[in-house]
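Shown next, in C-alpha cells, is the structure this report addresses.
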Amino acid sequence: MRIEAKTLEEAYIKAAEYLHCSVSEVEAQIIQAPSKGVFGLFSKNAIIEVDDYLDIEKLIEIIKKDLISLFEKSCFDVNISEVSKYNEETIFIKIEGEDAALLIGKEGYRYNALNYMLYNWIHQKYGFKVRLEIAEFLETQKEKLKEYLDFFIEEKIKPRGYGRTRALDGILVFLALEILREKLPDKYVGIKEKNSEKYIIVGEKYEHNSGNSDS
C-alpha cells in the first residue's frame, strides 16, 4: 500500500493510523522523498510503501474494542462475548445479552442487516470476512439447514447428479454453500441468482454451465 503526504512524518502518521499502531512500529520503504522544488514549482510529496498486513491477534482486539464502543452507544442491552479467528479469512463475532433477540428480529431480518453492515466494515477496512453469531441464532439456523440439505442430497443429487436448492436468504446462502461443499467434495457447488433470489446449484465439476437445473 502506498501512502502520499507533504512530508515523511505525515506519511508515517497516516500509515500508523491506518494500521492502528504507533509510528515507531510502521515498516515502510521510501519511494519518493519530499522536495520543495524551485520557487515553489515542481515540488514533490513524500511517498512511502507499507505492508498493510495487520497481525490477526491485534486486529481482533481492535475490532472487539470498536464493537463494544458501537453497542455502548446503542439502546440494546447486549455484550460482545467473543471475537476470534474462525479461519484464515474470517473473523468470528458472538453477541449475547438480554436484547439479543431484538438484534435478530422477525425471521432474522435485523440479523441479516447487522451481518451485512459488519461484513462491509470489516472486509473493506481489513480484508476479512465475518461470521456473526447472536444468541445461538446462527447455530440454530445451521442445524435446520442441514436437515433440509440432507433431504436435498438424498432426493435430488443422488438420483440425478445435479440440482438446485430452494431460494435462500442472507447468511443461509453462504452456510448452505459451506455445508454442501463439505458434503459433496466431488461436485461443483456454487451460488446462482435469478429474479433477485439466490440458490445453490450442484452439478458435475467443470460442467456447471451445461444448463442442468431445476425448473
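Throughout, read-outs are computed from the coordinates displayed, never taken from laboratory work. Fair warning: this is a prediction, and the values are worked out from it, not measured in the lab. Note that each Cβ is placed from the backbone with ideal geometry, even for glycine, and that neighbours are counted across all protein chains shown.
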Helix-only [θ] at 222 nm, the chain, -39500 (n - 2.57) per DSSP H run of 4+, per residue, nearest 500, equals -12000 deg cm²/dmol
Helix 56-72 sits off the longest principal axis of the Cα atoms of the chain, rounded to the nearest 10 on a 0 to 90 degree scale, by 80
Which one is right for this structure if percent of Cα pairs over 26 Å apart is calculated from it: (1) 54; (2) 39; (3) 31?
(1)
Answer in debye to the nearest 20: the dipole magnitude of the chain about its Cα centre, from +1 Lys/Arg and -1 Asp/Glu charges placed on Cβ, is 820
Note down the net charge around Ile122, summing +1 for each Lys or Arg and -1 for each Asp or Glu among other residues with Cβ under 12 Å from its Cβ.
+2
Would you work out if the stretch 139-204 is rounded, prolate or oblate? Take a ≥ b ≥ c from the square roots of the eigenvalues of the alpha-carbon gyration tensor; rounded if a/c is under 1.5, else prolate when a/b is larger than b/c, oblate otherwise.
oblate
Degrees separating the helix 8-19 axis from the principal Cα axis of the chain, which is the longest one:
20
In degrees, nearest ten, helix 171-183 long axis to first principal axis of the chain (Cα):
70
Rounded, prolate or oblate: which one fits the stretch 1-112, using the alpha carbon gyration tensor with axes a ≥ b ≥ c (rounded when a/c is under 1.5, else prolate when a/b beats b/c, else oblate)?
prolate
What does the charge count near Glu10 come to, summing +1 for each Lys or Arg and -1 for each Asp or Glu among other residues with Cβ under 13 Å from its Cβ?
-1
So if I place +1 on the C-beta of Lys and Arg and -1 on the C-beta of Asp and Glu, and nothing else carries charge, what would the dipole magnitude of the stretch 100-215 be about its Cα centre? I want it in debye, nearest 20.
280
